[in-house]
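Some notes on the structure that comes next.
None of the figures in this text is laboratory data; all of them are computed from the coordinates on show. Here the structure is a predicted model, which is why all the values come from computation and not from measurement. As a convention, Cβ positions derive from the backbone with ideal geometry for all residues, glycine included, and neighbour counts pool all protein chains shown.
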Amino acid sequence: MARKLISISLFWENDKPHGLGKTLNNDDGTLQDLFDQLVAEYEQNMEPDHLAGFLEQIKDAAKHKHSLTPEYVLPLMANMFMLEKHKVIVPDEFNGLLFHWQD
């Protein structure tokens, strides 16, 4: 049986007051497909200068962290995925994505 995605969490400087921590739960079972589609679109249209923009979007979102909707958070998660993939951000306990799976 395939493992099931339970949630994705995004962290950026989460140990600081200006940081960001958001979790999207996979309540309706579509989160993995939506995330995978978004990442595929990013990879298809990726330009090197996009990485700086991805980080700026995360920093800007942190300023409004209490009012972010899931529709806004999911692209931020794809941003973080690309930043990790291209080694702009090295994931640690305060930065990166956390995928919660169930076997």
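Values computed for the structure shown
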read-out	value
Relative contact order for the chain, counting Cα pairs under 8 Å that sit 6 or more residues apart, in percent	44 percent
30 Å Cα-Cα reach of Lys16 towards lysines, excluding residues that sit fewer than 8 places from it in its own chain	Lys59, Lys63, Lys65, Lys85, Lys87
Which of Pro91, Ala52, Leu38, positive extreme of dipole for the chain (C-beta unit charges)	Pro91
From phi via Karplus (6.51, -1.76, 1.60), per-residue ³J(HN,Hα) for region 11-21 in Hz, x at Gly/Pro	10, 9, 6, 5, 8, 10, x, 7, x, 9, x
Label-point separation, Ser9 to Glu93 (7 Å along Cα→Cβ), nm	1.2 nm
The chain shape via C-alpha gyration tensor axes, a/c threshold 1.5	oblate
Total charge dipole magnitude, region 32-103, about the Cα centre, Cβ charges on Lys, Arg, Asp, Glu only, Debye to nearest 20	300 debye
Formal net charge of residues neighbouring Gln102 (Cβ-Cβ distance under 15 Å; K, R +1; D, E -1)	0
